[in-house]
Structures are given as structure tokens and as C-alpha cells.
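The values are calculated or read from the model by the stated rules, or taken from the named source; none is laboratory data. The model shown is predicted, which means the values in this text are computed figures rather than measured ones. Don't worry about glycine lacking a Cβ; one is built from the backbone with ideal geometry, like all the others, and counts go over all protein chains shown. All accessible areas refer to the heavy atoms of the entire protein, side chains included, with ligands and DNA or RNA removed. Shrake-Rupley method; radii C 1.70, N 1.55, O 1.52, S 1.80 Å.
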Amino acid sequence: ISEILGKVAQAPVAISNGAEAEPPDLVQGAAPQCLTPEAQRLVTTAVDSVGRKLRGDAAILVAGVASYPVEPRIFERDVIERETYNFWQIRVVRWLQDTFGASLKSVVERQDENYRRLHFFTLPSLTDDLRLAWRRAHPGLAAKRRAEQAGANKQAQEREYRSAMRRMDNQFYEEVLNGLGRDRFGGARREKPAGAKTKRTEAQASERERIMHAT
């Protein structure tokens, strides 16, 4: 956990164009490396379903990445793309807040990789009987735990996990990507007919106005 959080928090020596890389920008919550003590507290305090100390390979930290699939060379010369990215980032953060609630501990932006990315981290809470509560920290694990507690077999638990993660993916598309000209799957834009750029610009302008009113 310390290595994962430390790697995201530090800036690499240089990026692809040879320029000095900048450390990640903190978007929300605490800096990633500051989450280590809280994660350690969970490790030493939490117990498993039968009250035993957690195993060394127990899940504690959820680390995720939301990537904006536009290459830096396009990003630098396309004003519309840069504005769209800003709206995308607002939507991503709102989606993270709505999805993970208080379990969302940190969101940072990195610009030194192939694409701009938001790295986010969640931690489970503790129940009264010191078990890890995944309801807000990881929808898939939460669904799997519910199935396990209901007596479902391993196969059924896995189905519940995958179903919950598909629902989360669908929600991300509907609440973040929909209206921004992005495909449901994959990073590339679909081929657009003549005049599509104008329509996309108009759609994004309308979406900009809606988001600004909602902010």
C-alpha cells in the first residue's frame, strides 16, 4: 500500500519530451501518501468474518484511474478539447463523490503520462464488530460480500461482483462521458460525417452552459 501511494505521489524524473515532470496536482482529499496511517490502522484493527486478524493479502485499499484518452499533441492545439477535459474532470469528481461518498479519500491529477489521468483512492470503513465495510468503498466487493453472507456459492458471488461492476461502468458512462463525444468502449472517437465537428462544438457548448449553471 505504501509503495502504491508513494509512486502516485512522486513525480518521475522526466516525461517523454524531456521536460522536467511536475508532481501530481491534488484535486480532492488528502495527498495519497497521507493515507498510509489510516490504511495501517485498518490492517491492525479489522477482523475477518469469523473474528480473526486479517490475512496478509486482505484487500484494504482501492486504487483507480480515470484516463482522458487524448494525446498531448492534440490536447495542446485543440482549445475545445482542453475545455472538454475541464468539464470531464468536474464530472469525474462528482461521480466519484456520489459513488464512493466518505470512502473517497484522495483524487490527484497527473499530466506526465501518455494521457491526462485522475488517480483516486478509497478506503473501507469499520463496522461495529470491526469488519471492513465495502458498501461505499468498492461496489463489486460489497455485492460479493452480500452474496457470501446470503449463503451463495463462489460462482454466484462472482456473478454478483461482475454485475455490480458493470452497473458502475454504465453509471460512469451515463454521468461522465455521455454528451462529451466519447465512445462507450475504447479511447478513440468514432468517425464523424461532414459537419459533425460543428455539431459536437454546439453540443459541448450546450453542455458547458448546463454544467456551469449546476456548479
From Ser49, Ser16, residue being modelled with pLDDT under 85 and within 29 Å of Glu148 (Cα to Cα): Ser49
From Ile90, Ile60, Ile74, residue being touching a Ser or Thr at 6+ places or on another chain (Cβ under 9 Å) and either of a type in the set (A, V, I, L, M) or exposed (fewer than 15 other Cβ atoms within 10 Å of the Cβ) (or both): Ile90
Any hit, region 118-133, residues being at positive phi, touching a residue at least 24 places away in the same chain (Cβ under 8 Å) and either surrounded by fewer than 19 Cβ atoms within 10 Å (Cβ to Cβ) or under 15 Å from the mean Cα position of the chain (by Cα) (or both): yes
Count - residues of region 36-57 that are open to solvent by 80 Å² or more (accessible area, probe 1.4 Å) and either farther than 18 Å from Ser2 by Cβ or assigned to a loop (DSSP other than H, G, I, E, B) (or both): 6
Number of the condition not met by Leu96 [criteria: (1) in contact with a helix residue (DSSP H, G or I) (Cβ under 8 Å, 6 or more places away or on another chain); (2) modelled with pLDDT of 95 or more; (3) surrounded by 13 or more Cβ atoms within 10 Å (Cβ to Cβ)]: (1)
Of residues in region 163-180 being open to solvent by 30 Å² or more (accessible area, probe 1.4 Å) and assigned to a loop (DSSP other than H, G, I, E, B), the one modelled with the lowest pLDDT: Gly179
In region 112-160, residue farthest from Pro37 (Cα to Cα) [restricted to those that are in contact with a Phe, Trp or Tyr (Cβ under 9 Å, 6 or more places away or on another chain) and part of a loop (DSSP other than H, G, I, E, B)]: Tyr115
